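This report concerns only the one structure given below.
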Amino acid sequence: MGKFSQFKLPLRSLAEGKHTFEYHLDKQFFQNMESADVRDADLNVTLTVTYQHGVYALSFDFKGVVIVPCDRCLDDLSIDIDTTYAINVRYGEDYNDSDDFMEIPETDAFLNVAYMIFDTVSLAIPIKHVHPMGKCNRAMSSLLKKHRAHVPGDDDAELEDELMDEMDSMPEDQPSED
């Protein structure tokens, strides 16, 4: 049994009408996809397939959390995922793909949706993964500040340095603001 066999959608055998499929994504899914960014996940994916007049309307709904490394301190950062994706699929002579329409060969009885799911989750993760100010690992923040090159006139870096100084001077047992 393959790594992604549970994601094989039996298009050819679906009767006309609406069909629902449920998937749960965890750490193993992202390891199988060889994703270096996602350390862990707890995501539920609901796929609704509406088959009508030779066209399969696929509608994905994603809800849950992924854990990625913080770009600043490298500690785990939890990112909420709540997104959707829709695409129409039909059978044709050969494989053809665009943003919202896909044609697959008549010989394919199944459509593996694992990569559609992975791509959608990957695009839902922000490019910049950083904790809110004051939530980063203090020891790592201090090292980063110590070893970062200083560029005169870089107001953003100076402001960040001031905020990191403030963070470093806060008592360790001070409750965090959530």
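List of remarks:
- Derived scalar couplings between HN and Hα for segment 53-65 equal 6, x, 10, 9, 8, 9, 10, 9, 10, 10, 9, x, 9 Hz in order, rounded to whole Hz, by the Karplus curve 6.51 cos²θ - 1.76 cosθ + 1.60 (θ = phi - 60°), x for Gly and Pro.
- Nonlocal amide H pairs with R39, under 5 Å, H built at 1.01 Å: I67, V68
- For segment 80-129: span of alpha carbons on each principal axis (Å, largest first): 42, 17, 15
- Diffusion coefficient, µm² s⁻¹, Stokes-Einstein with Kirkwood Rh over alpha-carbon pairs of segment 1-119 at 20 °C and 1.002 mPa s: 138 µm²/s
- Each peptide in 53-65, 8-20 gets a packing score, the mean of other Cβ atoms within 10 Å over its residues, and the list from highest to lowest is 53-65, 8-20.
- Each residue of segment 108-120 was assigned a 3J(HN,Hα) from its phi angle through the Karplus expression (A = 6.51, B = -1.76, C = 1.60, θ = phi - 60°), giving 7, 8, 10, 10, 7, 9, 4, 6, 4, 5, 4, 4, 5 Hz with x at Gly and Pro.
- Here the contact order of segment 74-139, divided by its residue count and restricted to Cα pairs under 8 Å and six or more residues apart, works out to 30 percent.
- The length gained on full extension between V65 and R90, counted as 0.36 nm times the residue separation minus their Cα-Cα distance, comes to 5.8 nm.
- A crude spin-label estimate for the pair L74 and V55, with each label 7 Å from Cα along the Cβ direction, gives 5.0 nm.
- Charge context of H129, other residues only, Cβ under 14 angstrom, K/R +1, D/E -1: -2
- Around E93: net Lys/Arg minus Asp/Glu count, Cβ-Cβ under 10 Å: -3
- With Cα atoms defining each centre, segment 93-140 and segment 29-53 are spaced 8 Å apart in the structure.
- Taking a sphere under 10 Å around the Cβ of K27 and counting the other residues whose Cβ falls inside, with K and R at +1 and D and E at -1, yields a net charge of -2.
- Computed on segment 12-143, with alpha-carbon pairs under 8 angstrom and 6+ residues apart, the relative contact order is 20 percent.
- Counting only lysines at least 8 places from K135 when in the same chain, those with an alpha carbon closer than 29 Å to its own are K27, K63, K145, K146.
A short reminder: the numbers here are calculations on the coordinates, not readings from a lab. Here the structure is a predicted model, which is why all the values come from computation and not from measurement. Cβ: placed from backbone, ideal geometry, glycine included. Neighbour counts: every protein chain shown.
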